[in-house]
Amino acid sequence: MRAVVQRVSSASVTVGDEIVGEIGPGLCVLVGVTHDDDAATASKLADKLWHLRILDDADGVMNVSAAEVGAPLLVVSQFTLYGDTAKGRRPSWLAAARPEHAEPLVDAVVARLQDLGATVATGRFRADMQVALVNDGPVTVLLEA
C-alpha cells in the first residue's frame, strides 16, 4: 500500500452535491492498493499514519503525531497512486489492485485507525469524487507500507 499524506487546515470530499467526508485541521490521506497488499499491510499503514510526526509542536517543529493531539484524518481511495509512467505518456494502471481487492483493504485502514482512537472521515469508493483541501505548510509525505 502507498499513501500520500497531506497536513491540512481543512479537507472535504464531495460526490455530486453531497459532502460525504470532511475534516478541519488534520491529515488528508490518499490511499492506493496494489495486488499483493493484505490485511497486515493495511494495519501497518494505519499505524504509520496515526503515529506519523508531521504536525507542529508548540515551537512550530514537525514533531507531533495525529495520535498525540487527536487530529482527524480524511481517507480517500486513490488507485492512480499506482500509475506507472515509465514508458510513454499514458500511465499504466496494471499495478493498481482491482476494486474488489482494494475496497476491503481501504476499509481495513479506516477500521484500524478507528480502533486506534482516530476520528476518520472518508470518501466514497468507486464514486467520482471532488477532493478539496487547504494544504498546511505545505506538508506532503509519501508513505509505503
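For the reader, a short list of remarks on this structure follows.
- Residue within the stretch 28-44 that is in a loop (DSSP other than H, G, I, E, B) and on the phi > 0 side of the Ramachandran plot present: no
- The condition of being over 15 Å from the mean Cα position of the chain (by Cα) and within 13 Å of ALA3 (Cβ to Cβ) holds for only one of ASP59, ASP37, that being ASP37.
- Those residues of the stretch 66-103 which are exposed (fewer than 15 other Cβ atoms within 10 Å of the Cβ) and assigned to a helix (DSSP H, G or I), in sequence order: GLU68, VAL69, THR80, PRO99, GLU100
- Looking across LEU113, LEU94, LEU105, one residue alone is touching a strand residue (DSSP E or B) at 6+ places or on another chain (Cβ under 6 Å) and at pLDDT 95 or above. It is LEU113.
- Filtered residues of the stretch 17-42 (kept if in contact (Cβ under 8 Å) with a residue 12 or more places away in the chain, over 12 Å from ALA108 (Cα atoms) and not aliphatic (A, V, I, L, M)): GLY21, GLU22, GLY24, PRO25, GLY26, CYS28, GLY32, THR34, HIS35
- LEU45 being modelled with pLDDT of 95 or more, aliphatic (A, V, I, L, M) and either under 20 Å from ALA111 (Cβ atoms) or open to solvent by 60 Å² or more (accessible area, probe 1.4 Å) (or both): yes
- Selection within the stretch 48-65 - among the polar types (S, T, N, Q) and either in a helix (DSSP H, G or I) or open to solvent by less than 40 Å² (accessible area, probe 1.4 Å) (or both): SER65
- Selection within the stretch 117-137: residues that are of a type outside the set (S, T, N, Q), at pLDDT 95 or above and open to solvent by 50 Å² or more (accessible area, probe 1.4 Å). The member of this set that is farthest from VAL8 (Cα to Cα) is ASP128.
The values are calculated or read from the model by the stated rules, or taken from the named source; none is laboratory data. Source: prediction; values computed, not measured. Every residue, glycine as well, gets a Cβ built from its backbone with ideal geometry; the counts of neighbours run over all protein chains shown. Accessible surface areas use protein heavy atoms only, side chains included; no ligands, DNA or RNA. Shrake-Rupley method; radii C 1.70, N 1.55, O 1.52, S 1.80 Å.
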